[in-house]
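Have a look at the structure below, then the notes.
The values are calculated or read from the model by the stated rules, or taken from the named source; none is laboratory data. Just so it is clear, the structure is predicted and the values come from calculations on it, not from any experiment. Here the Cβ positions follow ideal geometry from the backbone for every residue, glycine too, while neighbour counts run over all protein chains shown.
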Amino acid sequence: MHRVGASCIFRGTQMSGGPVGKPRALLQCASCRFGALYCVPFCAGMAAAGTLSPATALLGAAFWLTLGMAIEVTNRLADRVEDAANRPERTALCETVGWDLLARVQLLLWGLVVLATAVWLARAPNALLLLLLVSGAGFGIAYSRGPRLARHRLLVFVVLSGTFVGPFCEIQKGASVGRNCRIQSHSFICELVTIGDDCFIGHGVMFVNDLFKDGGPARGDRSKYKATKVGNRVSIGSNCTILPVEIADGTVIGAGAVVVDDITQPGVYAGNPARRLRALPG
């Protein structure tokens, strides 16, 4: 089971144990394989329309590879806190590349996306094509950066202000979820749970409102239920169990933790019962 801070185990290594060089780590961070997934249906559509040529296939491959890598690198930078809690192997790859270099690569990739878009439009001026290319890049940015850029009014045009709820989640009547949250699959949010804005809830997180105080379940007696309040910008790793508590703004809870007491001081928490491991970087 992964814990926050476990990235030191993976730093500079693959899960298989072999060393990972910086170029290879960068390709893994950027998930370059997604470019092929985007490019194949594009080329199939062009072929069906009778407009596929070596030039359009080459330009399409370059565009979709660059766009896919730009989206993934942006996602790695945006999800730095969440990945530390849930995917330490991803964090290790990013640390191998270097966070500063990854940020510069992000800017370079998005610059290449703009350049490729300009080339497309120069070859085939078309308002619909412009809309599709710009909206594709915009949604790619918003996937990772929307919730974090929502506070910057000048960047509101790339913001997705809604909350995402994954499949197989149960959110009961009487629960409240704030804006710009991401709730991953198989999580359970029971009555009397309040979640603030800009929160991340990992896969399989279970909230509890019944402590079996009388030796068994409350059986619908709402007077026995207890409330939970999660602050803003809280990240909860996969498979955590959250008993009725209050959690301070800006807290990170590592995967598999069991939270039984109020968290009043932001920081990184993990374990059963959850304990504060360290403060978050300024």
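A few points about this structure:
- The range 2-31, residues that are part of a loop (DSSP other than H, G, I, E, B), among the hydrophobic types (A, V, I, L, M, F, W, C) and at pLDDT below 70: Val4, Ala6, Met15, Val20
- Residue match in the range 69-91 (condition: surrounded by fewer than 20 Cβ atoms within 10 Å (Cβ to Cβ), in contact with a Phe, Trp or Tyr (Cβ under 9 Å, 6 or more places away or on another chain), basic (Lys, Arg) and closer than 30 Å to Leu280 by Cβ): yes
- At least 2 residues being not assigned by TED's automatic domain parsing to the domain that holds Gly138 is the threshold, and among the helices (runs of 4 or more DSSP H) wholly inside the range 32-113 not one reaches it.
- The lone exception for Thr264 - which of (1) closer than 30 Å to Trp99 by Cβ; (2) crowded, with 17+ Cβ neighbours inside 10 Å; (3) polar (S, T, N, Q) it fails: (2)
- Candidate set from the range 246-282 (those that are touching a Ser or Thr at 6+ places or on another chain (Cβ under 6 Å) and among the β-branched types (Val, Ile, Thr)); member that is farthest from His203 (Cα to Cα): Ile263
- Taking the criterion of being at pLDDT below 75 and either among the aliphatic types (A, V, I, L, M) or at positive phi (or both), the residues of the range 32-64 that qualify are Ala36, Leu37, Met46, Ala49.
Conditions tested, residue by residue: (1) of a type outside the set (A, V, I, L, M); (2) within 30 Å of Thr96 (Cα to Cα).
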position: Leu37; (1), (2): no, yes
position: Phe42; (1), (2): yes, no
position: Ala48; (1), (2): no, no
position: Ala55; (1), (2): no, no
position: Leu58; (1), (2): no, no
position: Phe63; (1), (2): yes, yes
position: Leu67; (1), (2): no, yes
position: Ala70; (1), (2): no, yes
position: Val73; (1), (2): no, yes
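- Listed here are the strands (runs of 3 or more DSSP E) enclosed by the range 174-282 that have at least 2 residues being without any contact (Cβ under 8 Å) to a residue 24 or more places away in the chain, over 17 Å from Asp79 (Cβ atoms) and not β-branched (Val, Ile, Thr): 275-278.
- Sole exception among (1) within 26 Å of Val119 (Cα to Cα); (2) under 12 Å from the mean Cα position of the chain (by Cα) for Ala103, by number: (2)
- Within the range 192-243, the set of residues being crowded, with 19+ Cβ neighbours inside 10 Å and in contact with a helix residue (DSSP H, G or I) (Cβ under 6 Å, 6 or more places away or on another chain) comprises Asp198, Phe200, Gly202, Ser235, Gly237, Ser238.
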